[in-house]
Structures are given as structure tokens and as C-alpha cells.
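The values are calculated or read from the model by the stated rules, or taken from the named source; none is laboratory data. Remember, predicted model here, so these are calculated numbers, not experimental data. Note: ideal-geometry Cβ built from the backbone for every residue, glycine included; neighbour counts use all protein chains shown. Ligands, DNA and RNA are stripped out before the accessible areas are found, and what is left, the full protein with its side chains, is counted by its heavy atoms. Shrake-Rupley method; radii C 1.70, N 1.55, O 1.52, S 1.80 Å.
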Amino acid sequence: MDSCQILALQNALPVPPDGHTGMNGTTIDCSCYHVEVLQSPYSTVRACILKDKIKALLIAKKTAFGDFTIEEFPDEFLKQNVISVSLRDSELPGVEKKVIDLTSCELQIHIYQVHTDGAGAEELDEENLIAANHWLLPSSDFQGMWESLVYDEPIKTRLLNYASTTLLFSDKNVDSNIISWNRVVLLHGPPGTGKTSLCKALAQKLCIRFSDHYSHGQLVEINSHSLFSKWFSESGKLVMKMFQRIQELMDDPKALVCILIDEVESLSAARKSSMNGVEPSDAIRVVNALLTQLDQIKKYPNVLILTTSNITGAIDLAFVDRADIKQYIGPPSTRAIYSIYLSCMKELTKRGVISPTHQLLDIRALEVTRFIENSATVYSLKLYNIASKSQGLSGRTLRKLPFMAHALFLRGSPVTLEEYLEAMSRTVDHQFKEREDFKDH
Ligand SMILES: Nc1ncnc2c1ncn2[C@@H]1O[C@H](COP(=O)(O)OP(=O)(O)OP(=O)(O)O)[C@@H](O)[C@H]1O
């Protein structure tokens, strides 16, 4: 890992300290940027050759304004070998736009290819009990997932910084008896707020950003329910068996191994059931086996353990203590909802479901207009009002809403933006009414 890579990952600030304000309130930025280059699956060109080509192309371009993606390459060689080039900027939807001086800023170029095999299931016994799903990273399953998640706070940057410090300390052989860190992240919050997606997207992002350091990544998603529900008396043994498999993955120092344990509260549920007298020794044996194994694997420099929970209070304290980062993930605010809806409207326009007659503003541009209605803002303001009354819906429901709107209130395509927004508005009302009806019953 070189110093720039570390420096860039540590640099969490949306506006870097060396940035200064230029004309029009924009910020001239000369810091370190990540350029992610997706190489074609058929290309066998070496990464260093592609890096040099891309660097030359970007320097010739001189400046970029915020995030950008080069779809059209002026270079035949690149066209044959590269699918996309993305300059990854700050995550916050509300930060000032920056003019990036490509000639003077530090560009970290990451070349990667995606695996398209999808998930493999780890079966641990003759009964075909699926204890884990397994992906080789970077995977096509997780492409674009990181970018699709919208949060009000710089949660994604914080997680990326944490992971980079973890990998840096391991790389430098920092003595963990003197400075202790556990390689465990816990994301908690209400259902459907993107916790599982964020863990998977983080694993993918790390594999891309650390592609110089690790040749590939492994993501193992442990199905805690299957460990605790079936074959209780066998579960302790199952945990051991599963970790033996994980151990084999970790033995390869060129692999970054991310272990995802969803709904860790099932651990404490298992302990509780033991207190209530249901197969006491077995439940405790399973939880203890899991905790012991987690303690064992945290000694490995190439491992990260990502966990999620819907109910913070119910998580086993022994587990909470092991997490270095306990990050609350809440439901999205109006601004974040607006950005989520906007991405949906853009996709539907791109695919011809919505006719491309009107443009919607992004949240920054809308805020600049101070929400004053005129011909340029009218549709964006309608969308903002829909976002505002959607508060309280989970990210999962929000992403489903445009589909529901078409299914419930529209037919065929193309549909005008006005019609679509009207249908969205009615669908939000419908969602809340459905909730009330559900509560009443
Ligand atoms: N903040 C968000 N921004 C964009 N999309 C979101 C957001 N939160 C959730 N989603 C969408 O909701 C879907 C479900 O998210 P996910 O399953 O990761 O949530 P979760 O918090 O793990 O839920 P659960 O605890 O119920 O499993 C994701 O596919 C994602 O598209």
C-alpha cells in the first residue's frame, strides 16, 4: 500500500483542507482522487499499461467538475480494453461542487475486472443446510451498489476510512497487544435502511481500492438463522466447519476476506432461549463457538468482519464490545429521498418509460434556486414535495415505489414526467394508508 493510497482513504473531508474557494462558490481542489477503471472481461492488457494510458487521458482533459464518467474514449486502444472510467468524488449530495484540477491533483487509478459467477452456496451437511453464500470480488452482482446508497452523513467515507486504517495497521504489523482493534464493524438501525447492501458494497469497494495490494476478494455471507434454527445440537460443529472453510480462504495473503454476519441479534436470541431453558448448553455452545472463531480470525491481517442488526438493544454485549465501529443507519431524510427518487426517474427516462421532455434538477441545484417555482424548477419541486411526504418510508420501500406507481396507476410507455409524478404521489399516500390498515388489523 503506498502513502497516497492511505492518505486518500484517510481524507474523509468533503472539502479537503488544501481546497480553496474559487469563482461561483466552487472549490478548486488539488487533493487526491480515486479513478476506478473497469477493464473489459476479455482484455488481457496489464494494469500498469492501462494506468499510464488513463492518466495521460485525464491530464489532457485538464479539469473535471464533480463526479464524471467517461463513456466515450477518444482512444481506440482504451475502447477495446475498458468499459468505464469513473472519477469518484465525495459522497455527500449537498457539498459544494468542485473543479478538480486533473493536472495537479494526485490521481489514484484502480484497474479492476469483475467476476460474473454470482453467489455460490456453502452447504455444510447432507441435509443441504446452506450456512453461507460466497462471492469472488469484485463481483458484477455489486456493481454500482455503493453509489446507489444515499445517506445524509458521510457514513460511507467513515466506513472506508475505518477499513483503510485497519488494513494499514495490519500492513505495518502494529502490535495489537499495544494498540487493539478488532476488525469488526456493526451497522445497526431499522429494517430496509441499506445495512446489508452497504456491507456488500464496502467489501466490493475495498477490493477495487486495494487492488494493488490484494489480487482478489472473498465475501462470505453467514446465514445466522440457519446456524441457529436447524440441528441445534449440531450447530457448534457447523460453526467450526464453516470457519475451517473461511480459514482456507484467509490463508491466501493475496485475498481480502470479508465476512458478513447479517442480523447478529439472532446470537443473543440463542442465548436467551438458553436462559429460558430451551436446550441451554447447545445455544451457548453455538454462540461461544462463533465468538471464539471471530477472536481467532481477527489475528489475520487480510480479514474484515461486517455485521448488521435491526434491534440494537438485543445484540449480545459480548459481541457489541468486539465491534470497533458501531454505526447507526437511520431512515433517509427528505434530501436523501429526493436523490433516491431522482436516480429512479433518470433510470426510467433512460429506458424510455418516461418521455424525455423535462429535466429534473439535482438537490444541490434545487437548493441554489431557493425552491422558488418557475418553469425550470416546477417538476423538481413536485418531486421534492413527494420526497417530503415520503419521510418515514424505508430505503427499500422508496426504491420499490416507482415500480408500484406504474403498476398501480399507469399503463404502458412512454409516460410523461407529470403523469409519473402524479402516480408517485398517489402511491406514497397508498403506502401510508396500507400501513394504517395493517396496524388496525
Ligand atoms: N439509504 C439508501 N439509499 C438508497 N437505497 C437504499 C437505502 N436504504 C435502503 N435502500 C435500498 O433498500 C434495499 C434493501 O436494503 P438492505 O437489505 O441492504 O437493508 P437492510 O437495512 O439490511 O434491511 P434488513 O435489516 O431488513 O435486512 C437495497 O437494495 C437498497 O436499494
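Tabulated values for the structure
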quantity	calculated
Unique match (being within 16 Å of the ligand (Cβ to nearest atom), assigned to a strand (DSSP E or B) and in contact (Cβ under 8 Å) with a residue 40 or more places away in the chain) among 391, 327	327
Single residue of the stretch 151-169 satisfying the filter (within 13 Å of the ligand (Cβ to nearest atom) and open to solvent by less than 30 Å² (accessible area, probe 1.4 Å)) that is farthest from residue 258 (Cα to Cα)	151
Members of the stretch 286-313 that are within 16 Å of residue 265 (Cβ to Cβ) and surrounded by fewer than 19 Cβ atoms within 10 Å (Cβ to Cβ)	291, 310, 311, 312, 313
Residue that is nearest to the chain's Cα centre (by Cα), among those in the stretch 330-369 that are closer than 17 Å to residue 410 by Cβ and part of a loop (DSSP other than H, G, I, E, B)	351
Matching residues, the stretch 395-422, being open to solvent by less than 70 Å² (accessible area, probe 1.4 Å) and within 17 Å of residue 352 (Cα to Cα)	402, 405, 406, 407, 410, 412, 415, 416, 417, 420, 421
Odd one out for residue 431, checked against (1) part of a helix (DSSP H, G or I); (2) touching a residue at least 24 places away in the same chain (Cβ under 8 Å); (3) away from the ligand (no atom under 16 Å from the Cβ); (4) of a type outside the set (Val, Ile, Thr)	(3)
Test result for residue 133, within 20 Å of the chain's Cα centre (by Cα) and either more than 30 Å from residue 394 (Cα to Cα) or at pLDDT below 90 (or both)	yes
Set 351, 364, 335: member being open to solvent by 50 Å² or more (accessible area, probe 1.4 Å) and within 16 Å of the ligand (Cβ to nearest atom)	335
Any hit, the stretch 170-184, residues being within 16 Å of the ligand (Cβ to nearest atom) and not in a helix (DSSP H, G or I)	no
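Yes/no matrix, rows are residues, columns are (1) within 20 Å of residue 337 (Cβ to Cβ); (2) at pLDDT 95 or above; (3) over 32 Å from the mean Cα position of the chain (by Cα):
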residue	(1), (2), (3)
401	yes, yes, no
420	yes, yes, no
423	yes, yes, no
431	yes, no, no
434	yes, no, no
437	no, no, yes
